[in-house]
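Participant: Submitted below is the structure of interest, expressed as structure tokens.
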Amino acid sequence: MSETESIEGTTAATDTGGRTSLRERVAFLKEDRLGFAGVIVLTFVVVVAVFAPVIAPYDPAATDYYASFEPPSAAHPFGTDNAGRDIFSQLVYGARPAVQVGLFSAAAVALIGMNVGLVAGYYGGLIDDALMRLVDFAYGIPFTPFVIVLVGLWEPSLWTIVLAITLLLWRQTARVVRSAVLNLKEKPFVKSARTAGASDRRIIYRHIAPNVLPLTFLYGSFAIAWAILTEASISFLGFGDPDATTWGQMLQAALQSQALARDAWWWFTMPGLAIMATVISAFLIGRGYEEQLNPQLKE
Amino acid sequence: MGKKEFVVRRVFQLVVLYLAIASMLFFLFRAAPGSPLATFIGTGFTQAQEEAIRESFGLNDPLWLQYLKFLKNALLFDFGLSYTTSKPVMQLVGERVWNTLVLMGSSVVLAYLFGVPFGAYLAWNRGELTERVGVVFALVSRSAPVFWTGILGIWLFALELNLVPAGSMTSPGATFSSKFALYTSLDFWHHAILPAVVQAFYYYSLPALLMRNSMLEVMNEDFVDFAELKGISDRMVMLRHAARNALLPVVTAFAIAAGYAVGGSVIIETVFAWPGIGRLMVNSVVANNYPVAQGTFLILAVLVLLANFAADLAYGYIDPRITYE
């Protein structure tokens, strides 16, 4: 039984990537140098976030009005802001909310999206209809404005932002996983499992789910990128967590405190570069993975 | 099912989705901590005055009645009066909605004008260094937050080079006889060009990467092989056969991109002090101006719904192989 299952599983690989070991799954990183660079950068950001108190030379919120708008120097490698706060230390601490929002939102999006897709695709009929109308509903809601309303109405905190992002972003994963499941459930290995008397639950999670995991990972890595970008936008607009130091808030403060007119380039370039580097690394990982799943895209 | 029936059914779904989003908004606002009038009722009000205000806003009705009234008003696009200016919300929206649409429209068009040929170029140069660099370039612009590229743009083009204004939509004191005169004026476009280009710089990666992927898929199809066998030059095969067919998903994504751009208006309009509904929404949420916040959110949602609807219709219209079921 398990023999046939794995063989059939490999046949399904043409659609969805199939069942492969973790080692095979990350093997694409050996050939794909861009994806590898993405993994390195993202790991770096996570390490910085974890060890922020050790790395940062100053308290990111400590003001020093005698040292405001200082350009980069040995004491302040990335200069200071209008209140004399150290930009480098703020950047280091800013990795924390980015990692928190990026990883937790992506995990929740992947979990919800995959399960909705599995259930809708497998059962079909009314359940499918209802869940897909829910997806349409989520697609009809303007994304950033929704996050603003939710965070603006409730307590502005990182967890509210994670919740707001998750509430909408699962829609894409659900749609993609569902259409993969529609294909998979017609495959012989699913039919034989059913004939052998396997329960729906077992078929969904033992036989079908492993085949849609690669797709879920793919959309999960994109979700990391969208979540970090969204959190930065929300913070920039002034709806961020007031207790956290975030890259978006740094840019908001820079724009409001005349950093542009004063040519304080170190203040308004660095946080943007940090956001960009983190987001693009998630995109590069996703892209490398996508090419592995869909070799037509590969050169 | 015929085409007409399909359209009618989709219009019906559109209305249902709109009502569903309005319902979500109603309960979201009601579930929020604090009284909906907390910012409206001053601390100096007496109990009786407070009661009179609650009565005038219908807050003493049972919740289900308030909900039904809200839905009825949402269908009529009546969102009440602004807490701060006492003007009807729809009047505030009406004054600004075209400013948003013109800016968004021009940035999405710009994004397509650059993105589609760029994507075709990437597919054409498949496997070469230019393709790798190009794809990374597209991903870079997708990763750079719009508010940051906007800040960099203002610093470079407005403050350093003094080529364009740093923000707002018209020069101080400029007046226009009509909206049409405004949108066809040089002054307007002088202000609009930077935000439009900044926004387009973010959105072009969508058509570019879609076009590349779509071209690569089409290039494997039989009719492309057949054209090659007929001895048609590579260039002609690309342009006449591959690119034309590859355009299909890219064109339908136009409406989707427009929908995303509508949501993004909250950011670009804030950076450039652009008097559109995105900025109106941000400001009203900051000020707890609930009627305006609800109204602008629902109008943005309507625009997204219409964009998705247009994408559905375009899909069937452009590709006759699609059947309406």
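Participant: What number of residues within the stretch A:249-266 are in a helix (DSSP H, G or I) and within 8 Å of chain B (Cβ to nearest Cβ)?
Facilitator: 4
Participant: Okay, next question. Give me the pairs: first residue in the stretch A:188-213 and farther than 15 Å from A:R178 by Cα, second residue open to solvent by 60 Å² or more (accessible area, probe 1.4 Å) and part of a loop (DSSP other than H, G, I, E, B), beta-carbon distance under 9 Å, and six or more apart or on different chains, which are they?
Facilitator: A:S192/A:M1; A:A193/A:M1; A:A196/A:M1
Participant: Given the conditions (1) over 27 Å from B:V11 (Cβ atoms); (2) at the interface with chain B (Cβ under 10 Å from one of its Cβ atoms), which single one is not true for A:I165?
Facilitator: (2)
Participant: Can you work out which of the residues in the stretch B:124-168 that are open to solvent by less than 20 Å² (accessible area, probe 1.4 Å) and more than 10 Å from chain A (Cβ to nearest Cβ) is nearest to the chain's Cα centre (by Cα)?
Facilitator: B:G153
Participant: Going by the structure shown, is B:N283 surrounded by fewer than 22 Cβ atoms within 10 Å (Cβ to Cβ), polar (S, T, N, Q) and under 30 Å from B:A74 (Cα atoms)?
Facilitator: Against the criterion (surrounded by fewer than 22 Cβ atoms within 10 Å (Cβ to Cβ), polar (S, T, N, Q) and under 30 Å from B:A74 (Cα atoms)), B:N283 qualifies.
Participant: Would you confirm whether any residue within the stretch A:285-294 is within 9 Å of another protein chain (Cβ to nearest Cβ) and either open to solvent by less than 20 Å² (accessible area, probe 1.4 Å) or more than 23 Å from the chain's Cα centre (by Cα) (or both)?
Facilitator: no
Participant: For the stretch B:272-315, name all the residues that are closer than 23 Å to B:A200 by Cα, over 16 Å from the mean Cα position of the chain (by Cα) and assigned to a helix (DSSP H, G or I).
Facilitator: B:A314
Participant: Residues to consider are A:A83, A:A130, A:A67, A:A110; find the one that is surrounded by fewer than 17 Cβ atoms within 10 Å (Cβ to Cβ), touching a Ser or Thr at 6+ places or on another chain (Cβ under 6 Å) and either farther than 23 Å from A:S257 by Cα or touching a residue at least 12 places away in the same chain (Cβ under 8 Å) (or both).
Facilitator: Details: A:A130 fails: touching a Ser or Thr at 6+ places or on another chain (Cβ under 6 Å); A:A67 fails: surrounded by fewer than 17 Cβ atoms within 10 Å (Cβ to Cβ); A:A110 fails: surrounded by fewer than 17 Cβ atoms within 10 Å (Cβ to Cβ).
Answer to the check: A:A83.
Participant: How about the stretch A:234-248: which of its residues are at the interface with chain B (Cβ under 10 Å from one of its Cβ atoms), farther than 19 Å from B:A166 by Cβ and open to solvent by 10 Å² or more (accessible area, probe 1.4 Å)?
Facilitator: Of everything in the stretch A:234-248, those that are at the interface with chain B (Cβ under 10 Å from one of its Cβ atoms), farther than 19 Å from B:A166 by Cβ and open to solvent by 10 Å² or more (accessible area, probe 1.4 Å) turn out to be A:G238, A:F239, A:W247.
Participant: Report whether or not A:P210 is of a type outside the set (A, V, I, L, M, F, W, C), in a helix (DSSP H, G or I) and surrounded by 24 or more Cβ atoms within 10 Å (Cβ to Cβ).
Facilitator: So A:P210 fails the test.
The values are calculated or read from the model by the stated rules, or taken from the named source; none is laboratory data. Because the structure is a prediction, the values reported are computed rather than measured. No Cβ is skipped: glycine too gets one built from the backbone with ideal geometry, and neighbour counts run over all protein chains shown. Heads up: the accessible areas ignore ligands, DNA and RNA and are worked out on the full protein's heavy atoms, side chains in. Shrake-Rupley method; radii C 1.70, N 1.55, O 1.52, S 1.80 Å.
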